[in-house]
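Engineer: One structure, as structure tokens, below. Some questions next.
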Amino acid sequence: MKDKNIKHNLFKHTKIEIAAYLLSTFLLVFSFCFLSPMDVYLQNTSEFVIHLPSVAFPLLYVSVALFIVLGFGLSAFLKGKSLIGFSLFFLGIALACYVQVFFLNGDMKQITGDDFNYLDMTPFHVTAYFIWLITAFFPLLIWAIKLVKDQNNKEAKYEGFSRFIITASVIILGMQTAGFVSSLMGSDYSKKTGKDYLSYEKSFNLSSKKNVIVFLLDRMDVDFMEKYLDEDDHKAEILDGFTFYEDNLSEYTNTFPSVATMLTGVKYNGSDTWKDYIDKAWNGNTLPDKLKKNDYAVYLLLDMLTTYNSVAQIKPSVDNVSHSNVENEALNYFQIVNVCLRISGTRTLPYVAKAACLYNLKPDFSNSFFMKLAPDMVPNATGMEADKQFFEQLNADGLSLRDDKNVFVFTHLESIHGGLETGELSFKILEKYFDELKRLDIYDKSTIILVADHGRPFLDHELDGDLKDPICTSLLIKPENSRGKLVKDSKTGLSNKSFIPSVLEYAGLPHQEEGLSYNDVINSKLNGERILNLYYWFGLGHIENKGQFVVNGNSRDIKNWTYHKPS
């Protein structure tokens, strides 16, 4: 018969050893699986899109489950002094992760979809790697030395180690919890999704009278566009009636705040949070508002992460909002936990592990959190999958006509930002869209603008003004009734600053109060001073002002670029 008095191995130890083990286990599990990912979420709620309970509860459930497995499952196999050894090991790992977050993440990159250089064995990476390892295993090393020293001493006591574990765990947990509470109090974690959504189907209903159509090609640097056109004549043939303005600059170096500025005219002051700036931008008399007041239907297919905070915010300015009788998206909790833990690993682990955690993680990671219930719903984040969906929807539905209003449509494509594959897909989308315009006999009645929000990404050394090659932003325009072979203009100096007055002019509306339009500059041959504001994303939602480049003359000549440090 079994002895009914047999105890779980954990409870064969002293109370202080049990407390040390459970507390160190709790510290490691809740730091990595809950506090760390929640800290990222609370500081970047716009990028996650989902609201607080949808993140917190799944992570909490996973943390509790893992704590039970390690705290009571693993301990069933730990006998004698091994319990203290594992306690020190868990404490060391938790401490190393803490040190990594606060002292060793100086080379962290923004999540842009680009390849990371975390596997490069730079002196900083190697140093950080060794500091992490030494911190992680130092408590265990001291323990091992103590065991060797006392191997012949049967009276040796180890209560001091347990007290150290408890004290260190409480201190680290206390500091992390204080940071968590601070982030919790200072964050906006309101729900951003609901029964309203941006609709593809509605945006495909163009005007039989007049259309101003804009495709924003994310990160389409002039050099990238020239490469595409030089290597494939068919791409140039697609651009029937277009002029490619090669000397064009964006106002900013990133999607935020470029796109919001282009649509609202509100400049970024360099210090507002993403949410605060976007709230201010959409609270004014925006470009869509001006067009709607003048008998235009406005269709916007945008990136929620960088351009607007919720559908409710832009609904008064937009005509392609649809309403579902049920919540239009179901949550994929597995993906929420998966992405959150990967991001936690990116924060807390050495650089060699960061590359694995970030593998194939794109800026539109929040799209994987949702299982769409509305088939024509525009995804919350622009990305390769969003471009694919747009293309599939366009092929399935085609374009249609309306006779009651003129139309302005602004579509944000991932384009080259997602790599060569999405860059190629952009041209397929444009070709299909233009074919549909010609099928409906409205290609000549439409003004089409292809414009990038910014050029290629800055290299690290360029962030301090050491620019070797110019960074120019693609701009291609097809006015009404323009047909013929693609024309290139390398002399006219344009800027995305002229986007709003240009759209108003092409829409047949007064534009002078908004500044110079593209045509104003082209016709007057002005080539005045242009400014590219340089910002660096050092974490989702966080921006550092790195100064600006002032360009006098042709931007294709690097000699005309002057760097000014931030004031």
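We did not get these values from a lab; they are worked out from the coordinates using the rules stated. What you see is a predicted model, and the numbers here were worked out from it, not measured in a lab. All Cβ positions, even for glycine, are placed from backbone atoms using ideal geometry, and neighbour counts span all protein chains on display.
Engineer: Fewest to most neighbouring Cβ within 10 Å: what's the order for Asp120, Asp223?
Structural biologist: On the way: Asp120 13, Asp223 17.
Arranged by neighbour count, lowest to highest, Asp120, Asp223 become Asp120, Asp223.
Engineer: Going by alpha carbons, how many degrees (0 to 90, nearest 10) lie between the helix axis of 52-68 and the longest principal axis of the chain?
Structural biologist: Helix 52-68 sits roughly 30 degrees off the main axis of the chain.
Engineer: Please sort 72-79, 35-42 by packing, taking for each peptide the average over its residues of neighbouring beta carbons within 10 angstrom, highest first.
Structural biologist: Values: 72-79: 14.1, 35-42: 22.8.
Packing proxy ranking, top to bottom: 35-42, 72-79.
Engineer: Need the list of aspartates and glutamates near Lys497 for cross-linking: C-alpha distance under 17 angstrom, and skip anything on the same chain fewer than eight residues off.
Structural biologist: List returned: Asp218, Asp221, Glu246, Asp247, Glu251, Asp453, Glu505, Glu513, Glu514, Asp520, Glu529.
Engineer: What angle do you read, to the nearest 10 degrees and between 0 and 90, between the alpha-carbon axis of helix 82-103 and the longest principal axis of the chain?
Structural biologist: Long axis of 82-103 versus the principal axis of the chain: about 30 degrees.
Engineer: Another question, if that's okay. How tilted is helix 222-231 with respect to the longest principal axis of the chain? Cα atoms for both, answer in degrees (0 to 90, nearest 10).
Structural biologist: Rounded to the nearest ten degrees, it is 70.
Engineer: For segment 451-504 and segment 157-180, what is the separation of their C-alpha centers, rounded to whole Å?
Structural biologist: 55 Å
Engineer: Moving to a separate point now. Using the alpha carbon gyration tensor of segment 197-307, what are the three equivalent-ellipsoid semi-axes (square root of 5 times each eigenvalue), largest first, in whole Å?
Structural biologist: Numbers: eigenvalues 147, 94, 31 Å².
Output for segment 197-307: semi-axes of 27, 22, 12 Å.
Engineer: Provide the packing ranking of 425-435, 345-355, i.e. peptides ordered by the mean count of other C-beta atoms within 10 Å per residue, highest first. Mind showing how you got there, number by number?
Structural biologist: Working: 425-435: 18.5, 345-355: 20.5.
Highest to lowest by the protection proxy: 345-355, 425-435.
Engineer: Which of the pairs Lys362/Lys488; Lys210/Lys388; Lys280/Lys362 have their Cα atoms more than 30 Å apart in this structure?
Structural biologist: Beyond 30 Å between Cα atoms: Lys362/Lys488.
Engineer: Got the relative contact order for segment 9-186 handy, in percent, Cα pairs under 8 Å and 6 or more residues apart?
Structural biologist: 40 percent
Engineer: Given the chain, what percent of its DSSP beta bridges are antiparallel, to the nearest 5? Mind showing how you got there, number by number?
Structural biologist: Numbers: 27 of 55 bridges.
So the antiparallel bridges amount to about 50 percent of the total.
Engineer: With only alpha-carbon atoms in the gyration tensor, what are the semi-axes of the equivalent ellipsoid for the chain, in Å, largest first?
Structural biologist: Numbers: eigenvalues 588, 138, 72 Å².
Semi-axes from the Cα gyration tensor: 54, 26, 19 Å.
Engineer: Compute the signed sum of charges (Lys and Arg +1, Asp and Glu -1) over the other residues within less than 11 Å, Cβ to Cβ, of Pro316. Present the calculation step by step, with values, prior to reporting the outcome.
Structural biologist: On the way: positive: Lys292, Lys315; negative: Asp289, Asp319.
With Lys, Arg at +1 and Asp, Glu at -1, the net is 0.
Engineer: Further question: Provide, as a two-decimal number, the C-alpha radius of gyration of segment 9-186 over 2.2 N^0.38 Å, N being how many residues it has.
Structural biologist: 1.18
Engineer: Another question, then. Rounded to the nearest 20 Debye, what is the dipole magnitude of the chain about its Cα centre when Lys and Arg each give +1 and Asp and Glu each give -1 at the C-beta?
Structural biologist: Numbers: 56 positive and 67 negative charges, 544 e Å.
So the dipole magnitude of the chain works out to roughly 2620 debye.
Engineer: While we're on this one: Taking 24 Å as the cut-off for C-alpha to C-alpha distance, list the pairs among Lys478/Lys546; Lys235/Lys405; Lys209/Lys432; Lys445/Lys491; Lys146/Lys354; Lys478/Lys525 that go past it.
Structural biologist: On the way: Lys478/Lys546 35 Å; Lys235/Lys405 32 Å; Lys209/Lys432 21 Å; Lys445/Lys491 28 Å; Lys146/Lys354 34 Å; Lys478/Lys525 19 Å.
Flagged as over cut-off: Lys478/Lys546; Lys235/Lys405; Lys445/Lys491; Lys146/Lys354.
Engineer: What does the charge count near Lys565 come to, summing +1 for each Lys or Arg and -1 for each Asp or Glu among other residues with Cβ under 14 Å from its Cβ? Don't skip to the end; give the middle numbers.
Structural biologist: Working: positive: Lys546; negative: Glu462, Asp464, Asp466, Glu544.
Result for the neighbourhood of Lys565: -3.
Engineer: Tell me the mean residue ellipticity at 222 nm calculated for the chain from its helices only (DSSP H runs of n ≥ 4, each -39500 (n - 2.57), averaged over every residue, nearest 500). Working shown, then result.
Structural biologist: Details: 21 runs with 247 residues, N = 567.
Per the formula, -13500 deg cm²/dmol.
Engineer: Also: Within the set of other residues whose C-beta is less than 11 Å from the C-beta of Leu494, count the net charge using Lys and Arg as +1 and Asp and Glu as -1. Intermediate results must be reported in sequence, preceding the final value.
Structural biologist: Values: positive: Lys491, Lys497, Arg530; negative: Glu246, Asp247, Asp489, Asp520.
Its environment carries a net charge of -1.
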